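In what follows, a structure is listed as structure tokens, so that the remarks can point back to it.
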Amino acid sequence: MGSGIVTAALLAGQKVVLKEIDQKNLDAGVGRVESNIMSMVKRKKMTEEKAEKLLKNLVPTLDYGPFGDLDLVVEAVVEIMGLKQTIFADVAAHVPKHCLIATNTSTLDIPEMGSKLSPEVQARLIGLHFFSPAHVMPLLEIVKTQQTTPQVLADALSWGQSLKKTNVVAMNCPGFAVNRVFFPYGQAAQFILDRGVDPYTIDKAVSQFGMPMGPFRLSDLVGGDVGFHVTKTFVGAYPERCYQSQINPLMFEDKRLGEKTGAGMYKHVLNKKGKRQAVPDPEGIAPYVAKSRQAANAGTIKVSTKDIQEMIFFPVINEACRILDENIVQDPANLDIACVMGMGFPAFRGGICKLCDSMGAQYVCGRLSAWAAEFPEHAGFFAPCDYLQKVAAQGIVLCD
């Protein structure tokens, strides 16, 4: 993710300092940035002369020496709170007093990251959540806290605009807006898998719904390690409405993490054109699926394509209603924009709130209630929230 953020800033004509912990990682990061830029040359989106000019703005470093005159720092390390706290403290000690200190975290609590810093520095903390690949995806989720000053928010919005990103502002909470609204997406897919449904059938049904890829293919793209840490965050924050499958922990334990290791729920191989391709690997995942289903001890269910789609997306609608009720995002339209631009939700469906309107809140509420009754041990995962019940009962249109 870090190399994508660097690439996005370079493409905007900005000077960028890239810091890493050792030379091996620094060389790898610079290599990824150069590859991102030169791929545009190969596709004739940029001249070689311009690419070389942009890359001259990249300053690789192993220490904080170049940080003394920066206006903005974005950390993009793995989702481990202690590590991020350490980095924030180090950064704060080396940047000027006007410098914004941002995190690209997708789920972790921003005030907790800055809890060991002075109130003055905490006021300069903000979330800048990019979506992968950061130099391609058009959305930037800007996350403010109770301590974030109006000037810091304005500066963050201005920087996002300089990158030609569509900015959506969200209040701090576990998962913020986009990842929080979609955390039931992957968990619902795992719920269905643990009840005997083939994972590739699930992915196909979701692709037919209009998503660019299914939840298991997405997990491989993002990385099983990321999914493992993110799930821990959501389980800690919302234990009463999380479904905890063993499929991801089992694969994480064996470092079967998706594209980055060559195998996850799919095998990732190079095709004849030299491009990486995801290939179903039923034999490879069979032991993990069997152990996960054994741990769930839930029997099997029979579902149609429509059932799969609704069991996956209706819990997402439910979480969207909670987000609106808590004012994490002020406008349903902003949440819809974020889902389309950040998660690839099919634009022709209008967004997750618009989906609720088109399906009918009463129908969505009824289906969720039925599943809560059918699977009482997981009623918390499916049960419609108070706000959705209100929307259904009063015939409220979310996107008027």
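The values are calculated or read from the model by the stated rules, or taken from the named source; none is laboratory data. Please read all numbers here as calculations on a predicted model, not as lab measurements. Quick reminder, even Gly has a Cβ in these numbers, built from the backbone with ideal geometry, and neighbours come from all protein chains shown.
Remarks
- Residue match in the stretch 210-220 (condition: in contact with a helix residue (DSSP H, G or I) (Cβ under 8 Å, 6 or more places away or on another chain), touching a residue at least 60 places away in the same chain (Cβ under 8 Å) and assigned to a helix (DSSP H, G or I)): yes
- Checking each residue in the stretch 333-345 for being in contact with a helix residue (DSSP H, G or I) (Cβ under 9 Å, 6 or more places away or on another chain), at pLDDT below 95 and not hydrophobic (A, V, I, L, M, F, W, C) picks out GLY342, GLY344.
- Residue within the stretch 223-246 that is part of a loop (DSSP other than H, G, I, E, B), touching a His at 6+ places or on another chain (Cβ under 8 Å) and not aliphatic (A, V, I, L, M) present: yes
- Hits in the stretch 55-72 - residues which are touching a Cys at 6+ places or on another chain (Cβ under 9 Å) and within 9 Å of LYS19 (Cβ to Cβ): PHE67
- Applying the condition of being in contact (Cβ under 8 Å) with a residue 12 or more places away in the chain and in a helix (DSSP H, G or I) to the stretch 345-358 and asking which residue is farthest from GLU319 (Cα to Cα) yields PHE348.
- Subset of the stretch 336-391 (residues that are closer than 26 Å to ALA134 by Cα and buried (at least 23 other Cβ atoms within 10 Å of the Cβ)): ASP336, ALA338, CYS339, GLY342, PHE345, GLY351, ILE352, CYS353
- Among the residues listed as LEU125, LEU163, LEU139, the single one being more than 15 Å from the chain's Cα centre (by Cα), surrounded by fewer than 23 Cβ atoms within 10 Å (Cβ to Cβ), under 22 Å from ASN179 (Cα atoms) and not assigned by TED's automatic domain parsing to the domain that holds VAL226: LEU163
- Scope the stretch 106-135; condition touching a helix residue (DSSP H, G or I) at 6+ places or on another chain (Cβ under 7 Å), assigned to a loop (DSSP other than H, G, I, E, B) and over 18 Å from VAL17 (Cβ atoms); matching residues: SER106, THR107, LEU108, GLY114, LYS116, LEU117, ALA123, PHE131, SER132, PRO133
- Residue under evaluation ASN36, criteria (1) over 26 Å from LEU125 (Cα atoms); (2) surrounded by fewer than 16 Cβ atoms within 10 Å (Cβ to Cβ), criterion not met: (2)
- If you go through the stretch 1-37 and pick out every residue that is of a type in the set (Asp, Glu) and in a helix (DSSP H, G or I), you end up with 2.
- In the stretch 270-295, the residues that are closer than 17 Å to GLN190 by Cβ reach residues that are surrounded by 12 or more Cβ atoms within 10 Å (Cβ to Cβ) and among the polar types (S, T, N, Q) with C-beta atoms within less than 7 angstrom, at least six apart or across chains, in these pairs: LYS291/GLN246; SER292/SER245; SER292/GLN246; ALA295/GLN246.
- Any hit, the stretch 78-89, residues being outside the structural domain of MET341 (by TED's automatic domain parsing), buried (at least 21 other Cβ atoms within 10 Å of the Cβ) and either part of a loop (DSSP other than H, G, I, E, B) or not basic (Lys, Arg) (or both): yes
- Residue among LYS50, LYS44 that alone is assigned by TED's automatic domain parsing to the domain that holds LYS164, outside any loop (DSSP other than H, G, I, E, B) and either of a type in the set (Lys, Arg) or more than 20 Å from PHE131 (Cα to Cα) (or both): LYS50
- When VAL289, VAL303 are checked against the criterion of being hydrophobic (A, V, I, L, M, F, W, C), modelled with pLDDT of 95 or more and in a loop (DSSP other than H, G, I, E, B), a single residue qualifies: VAL303.
- Scanning the stretch 376-400 for residues that are without any contact (Cβ under 8 Å) to a residue 60 or more places away in the chain, outside any helix (DSSP H, G or I) and not small (Gly, Ala, Ser) returns ILE396, VAL397, ASP400.
- Hits in the stretch 177-208 (condition: under 17 Å from PRO239 (Cα atoms), out of contact with any Asp or Glu (no Cβ under 6 Å at 6 or more places or on another chain) and not basic (Lys, Arg)): ASN179, PHE182, PHE183, TYR185, GLY186, GLN187, ALA188, GLN190, PHE191
- Flag for SER106 being polar (S, T, N, Q) and either outside the structural domain of GLY160 (by TED's automatic domain parsing) or surrounded by fewer than 19 Cβ atoms within 10 Å (Cβ to Cβ) (or both): no
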